[in-house]
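See structure below.
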2 protein chains.
Amino acid sequence: MVDYVIYGRGSFNQLDEILSPHRKRDLPIIFLIDHFFKGKPLANKTPLRGKDKIIFADVTYEPKTTYVDEISNQLKEEFGTVSGIIGVGGGSTLDLAKAVSLMMTNPGSSADYQGWDLVKFPGVYKAGIPTLSGTGAEVSRTTVLTGPTRKLGMNSDFTPFNQIVLDPLLTANAPLNQRFYTGMDCYIHCIESLQGTYINEFSKSYGEKALSLCREVFLEKDNWNDESDDKLMMASYTGGMSIAYSQVGVAHAVSYGLSFLLGTKHGLGNCIVMNHLDEYYPEGAAEFRKMAEKNGVEIPQGICRELNDEQFDAMINVSLGMKPLWENALGRDWEKIMTREKLRDLFEKL
Amino acid sequence: MVDYVIYGRGSFNQLDEILSPHRKRDLPIIFLIDHFFKGKPLANKTPLRGKDKIIFADVTYEPKTTYVDEISNQLKEEFGTVSGIIGVGGGSTLDLAKAVSLMMTNPGSSADYQGWDLVKFPGVYKAGIPTLSGTGAEVSRTTVLTGPTRKLGMNSDFTPFNQIVLDPLLTANAPLNQRFYTGMDCYIHCIESLQGTYINEFSKSYGEKALSLCREVFLEKDNWNDESDDKLMMASYTGGMSIAYSQVGVAHAVSYGLSFLLGTKHGLGNCIVMNHLDEYYPEGAAEFRKMAEKNGVEIPQGICRELNDEQFDAMINVSLGMKPLWENALGRDWEKIMTREKLRDLFEKL
């Protein structure tokens, strides 16, 4: 679990106080901030001391193992080590911060640690401050990275943040489409978790709460206001807890294929896939479309139209590699159900 | 937050594996087990190695600072220090385990640390395994102790468990009345938290989930079964999280007075008080009585009938000392609302 959780509007202003016990000698704290905030007020409010440094994270693409290695190697060269890594941004930035923290103390390349329980040493102190709600990256024990051969996280007991600061004020100015796609990541987590074979009462309690918060925000309320930001931030947290104790399913497995080949961003990719998952999640897919309609968001169609066999194969390989996701969604005999042909048909529909 | 959480039926069987990374040299692990389990199968299933030891905790009375000091001093004398303290039982045993862990490394008496953020050093490794659901002691950052002058917890960042094992199987054989009283502790947490002035969206999400689980278990279901144990264990956890991020209220403040003077157990005390709180929590008090009726449990009446002025004063002093609880319940001007006279009237009704 994350060691310390602060929740509250304006809690970002307590950051200096929160970080100060974690400063080691004169070693700097590195703030990895989503480049979206370059020149925006948030960057100026970041409490820099001594050799502290802001690195604006380029999250045009989701984090790659090469980018993680580049940042951590630069930091090692410049400072030897650092007091901590603070991620401020959406899921990509948070995952990047977790991965860089781990690579400050683990030898080799982050690609060596894509998988389950491969990380050997705790990273340096790390904190996460989400500025978009939905991914659950703030509570997950993974950090999703695109490596040379796969899109897969560094899943380990050392991966969760030591501290998170949940300040709904930071999410207030998110672009509308982006907010919807990321929010739907949470909604889809709930559907996949609650309808999965890995479900248990712990995961269910969190998933049900997240689901009801998503419904309040995206279906019941007619206007977006502060309360929407408050609730969606809690939906993200509780949805993230739900999948941490169970697993995601078909939408994520297929969407990982899209983002590996086409670079489709995770939230958007999940939406594109969910739009066509009536066979697996009939009520979820229908409710998802209702949410898109109510929030005036159009889901792209036909993104696989021009792909060739080789490209379909690459996506199918990445997707079928996500074994625990398929097993959660379709049970132990999932390989008999989700054949390459059936999956190809699904990709073609997208 | 608790560092590691395991939830699942039968997860108690993984205890040996869970504890093994935390064994230091040949220092023993001490299992503090509720004396209710003396001679019962649970005690035999406890994974003892080397110099490990079971201490059956006498929880006839709720934990006293003298009892905490006695156990920790004995352990220091016998072993110098220990690898860890594992609490297995209801709220009293869990609180006792947390307090003993802290007193293995903090000098003096546990009475010196009753209050907020007085604990100086992290304790030895500690794990909690609830066998009754409702108190939320498994996730709280306090350990409620009766000291020479007050009933008050050692509230600190060092207080939460490092590990909890939530195994609903362990709660299956709880005595019916006990189960109800302890379950109502959770229900009352929710009412007090959700209707308190300290409420925020984080606490609210947890409180609402806990409340709906309590309703499922105590109102909607006609028979107690495995699912009831599963859900009540999650209600306890989520209810505990809710008050960890807000505060309890009138029922707890008054019930602390009862248990200080009369030794009334916490869950039962809360029930006795809630039965008469229609002025503060009208719907909560009514629903509470419905739950008692449906579950065939009678709430004692007239327990203060024979008390004298001095005794009433002692209870009133303890109760009014719980300032944050009153402020949460009645707002900043609570002292104008809850006068000594008004509180005396309330105690007399119980």
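Values quoted throughout were computed directly from the atomic coordinates according to the rules given, and no laboratory measurement underlies them. Just so it is clear, the model here is predicted, and its values are computed rather than measured. Here the Cβ positions follow ideal geometry from the backbone for every residue, glycine too, while neighbour counts run over all protein chains shown.
Can you list residues whose amide H is under 5 Å from B:I55's amide H, if they're 5+ apart or on another chain and H is modeled 1.01 Å from N? It is B:F31, B:L32, B:I33, by chain and number. Averaged over peptide B:232-241, the number of partner chain Cβ atoms lying within 10 Å of each residue's Cβ comes to 2. Within 10 Å of the Cβ of each residue in A:3-10, the mean number of Cβ atoms contributed by other protein chains is 3.
The residue among B:G284, A:G8, B:Q14 whose Cα reaches farthest toward the positive pole of the charge dipole of the protein assembly as shown, with charges on the beta-carbon of Lys, Arg, Asp and Glu, is B:Q14. Using alpha carbons only, how many degrees (0 to 90, rounded to 10) separate the axis of helix A:309-320 from the longest principal axis of chain A? Compared with the principal axis, the helix lies near 70 degrees.
Taken one residue at a time, the phi angles of the stretch A:111-125 give Karplus couplings (6.51, -1.76, 1.60, θ = phi - 60°) of 4, 5, 10, 6, x, 10, 6, 9, 5, 9, 10, x, x, 6, 3 Hz. Gly and Pro are set to x. Taking every C-alpha pair closer than 8 Å and separated by at least 6 residues, the mean separation divided by the residue count of chain A gives a relative contact order of 15 percent.
Taking H as built 1.01 Å from N, whose amide H comes closer than 5 Å to the amide H of B:T105, not counting residues under 5 places away? Amide H neighbours of B:T105, under 5 Å, 5+ apart: B:V124. Tell me the angle of helix A:176-194 to the major Cα principal axis of chain A, expressed in degrees between 0 and 90 and rounded to the nearest ten. Approximately 70 degrees, to the nearest 10.
Take B:151-163, A:126-138, B:205-217 and order them by the average number of nearby Cβ atoms within 10 Å per residue, most first; the result is A:126-138, B:205-217, B:151-163.
Shape of the protein assembly as shown from its Cα gyration tensor (a ≥ b ≥ c, root eigenvalues): rounded if a/c is under 1.5, otherwise prolate when a/b > b/c, or oblate? Prolate shape, in that a/c is at least 1.5 and a/b is the bigger ratio. Full extension of the segment from A:T149 to A:E17, taken as 0.36 nm per residue of separation minus the current Cα-Cα distance, would add 43.4 nm. Note on chain A: helix-only mean residue ellipticity at 222 nm, from DSSP H runs of 4+ residues weighted -39500 (n - 2.57) and normalised by residue number, equals -14000 deg cm²/dmol. Note on A:R215 and B:L118: the model spin-label points, each 7 Å out from Cα along the C-beta direction, lie 4.7 nm apart. Taking a ≥ b ≥ c as the square roots of the Cα gyration tensor eigenvalues, with a/c under 1.5 meaning rounded and otherwise prolate when a/b beats b/c, else oblate, which class fits the stretch B:57-101? Verdict is oblate for the stretch B:57-101. Helix B:250-262 axis versus longest C-alpha principal axis of chain B: approximately 70°, rounded to the nearest ten.
Give the separation of the Cα centroids, the stretch B:302-350 to the stretch A:154-229, in Å. Centre-to-centre (Cα) distance: 42 Å. Computing FRET efficiency as 1/(1 + (r/R0)^6) for A:E77 and B:D3, where r is the C-beta to C-beta distance and R0 is 22 Å, gives about 0.10. Across the stretch A:34-42, computed HN-Hα scalar couplings (Karplus, 6.51 cos²θ - 1.76 cosθ + 1.60, θ = phi - 60°) run 3, 4, 3, 8, 4, x, 8, x, 3 Hz from first to last residue, x flagging Gly and Pro. The packing ranking, built from the mean of other Cβ atoms within 10 Å per residue, places the peptides B:96-106, A:268-278, A:220-230, B:61-71 in the order B:96-106, A:268-278, B:61-71, A:220-230, highest first. Among the listed pairs B:K120/B:K231; A:K120/B:K231; B:K64/B:K323, those with a Cα-Cα distance over 30 Å are B:K120/B:K231; A:K120/B:K231. Averaged over peptide B:202-215, the number of partner chain Cβ atoms lying within 10 Å of each residue's Cβ comes to 4.
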